[in-house]
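The values are calculated or read from the model by the stated rules, or taken from the named source; none is laboratory data. Predicted model, so just to flag it, every value in this text is computed and none were measured. Positions of Cβ are generated from backbone atoms using ideal geometry, with glycine treated the same way; all protein chains shown enter the neighbour counts.
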Amino acid sequence: MKSKKSLIIIILVIIIIALIAVAGFFGYKHLTAGNDENSKEEAKTNETKESKEETKKIEKSSLQMGDYVNYKVNYTNVGDYHSGQTVNDQVTGWRILSVNDDNTITLISAGVPIKYCQNCDEKRINNDLSDLYKVLNTDTTVANSSYSYFLDSGFDGNTFDMTQVFNTGLEDTSSIHAMTGEELINTYEKITGKETTIEELFYSSATLSNRVLKLDENSRVADLLENGYAYYINAVTNKDRRGNRVLHSQSWGYLTGLEYGEDPIRVVLNLKPDVTIVSGKGTIDEPYEIE
């Protein structure tokens, strides 16, 4: 009787051990299955994140001169528009002038945001136009105190205070200036493939129009130099040795020089090196988005 009772106890112990083993096995399977699911979810999340990052990333090396960028500094044009050979009428916004070796992007205003009066005082003009952020730091810095001064602004609120205009955090504020003669030459040479100088262009009464430069409406650089507005360029030259002239592009692209007068300027600036291109196609309808 005693041995029979012991046998029953042994059988019960074996059953209990078997049940514990089975429970442990299924518990382990459930745990590992949960881990597998978590791993799959984590891998999927990482894949989605990497895919988004890859989608966001547009290499700067793929950008072209003339591409449009949605740089969020708004303005209206302050000059008189001439509907000559331009592809797009009265454009504002910003375009790429160059992509530089230091990973910066140089932008130029597609239109003309500021008007300037000059009397061919080369030193004064260069001082005014070389560092707009420094010269125009409050509205009171604009005054008719000489024959060269700023007289109209198309920026929001018609302000002349560039510290209030260029504050997106994406720009190098020390780089803000009017288009220079050197930038004109570099742009002209890249478009045409021909080397030249300011004097050669000036003396030959060159035309910067789309027609003369053989740019059709599908060209990325159409309207880049001839934008339908007259504008000053920060360069002084001497045509036929008859006295200094400030370089000036007529609204139909004819390059000349003026001793004095009132006309707009085009603003040029560099974006910071860490600015990224997140989307867009660089066209006027789908400009590049930046952050």
Filtered residues of the range 155-168 (kept if surrounded by fewer than 20 Cβ atoms within 10 Å (Cβ to Cβ) and either touching a residue at least 12 places away in the same chain (Cβ under 8 Å) or of a type in the set (Val, Ile, Thr) (or both)): 156, 159, 161, 163, 168
Condition check for residue 277: of a type in the set (A, V, I, L, M), closer than 23 Å to residue 147 by Cβ, surrounded by 14 or more Cβ atoms within 10 Å (Cβ to Cβ) and assigned by TED's automatic domain parsing to the domain that holds residue 166: no
Given the residues 232, 254, which is the only one that is at negative phi, surrounded by 23 or more Cβ atoms within 10 Å (Cβ to Cβ) and of a type outside the set (Val, Ile, Thr)? 232
Given the conditions (1) without any contact (Cβ under 8 Å) to a residue 40 or more places away in the chain; (2) more than 15 Å from the chain's Cα centre (by Cα), and given that residue 88 satisfies all but one, which numbered condition is not satisfied? (1)
Inside the range 121-227, counting only helices (runs of 4 or more DSSP H) that do not spill past its ends, which hold 2 or more residues that are under 29 Å from residue 103 (Cβ atoms)? 122-130, 132-135, 162-165, 181-192
Every listed condition ((1) more than 22 Å from residue 106 (Cα to Cα); (2) polar (S, T, N, Q); (3) in contact with a Ser or Thr (Cβ under 9 Å, 6 or more places away or on another chain)) holds for residue 234 save (1)
Looking at this structure, is residue 81 surrounded by 21 or more Cβ atoms within 10 Å (Cβ to Cβ) and modelled with pLDDT of 90 or more? no
If you check 101, 89, which single one turns out to be more than 30 Å from residue 59 (Cβ to Cβ), among the charged types (D, E, K, R), in a loop (DSSP other than H, G, I, E, B) and in the same structural domain as residue 211 (by TED's automatic domain parsing)? 89
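Please work out if residue 163 is assigned by TED's automatic domain parsing to the domain that holds residue 117, touching a helix residue (DSSP H, G or I) at 6+ places or on another chain (Cβ under 9 Å) and not aromatic (Phe, Trp, Tyr). Can you show your working first?
Details: assigned by TED's automatic domain parsing to the domain that holds residue 117: yes; touching a helix residue (DSSP H, G or I) at 6+ places or on another chain (Cβ under 9 Å): yes; not aromatic (Phe, Trp, Tyr): yes.
Yes, satisfied.
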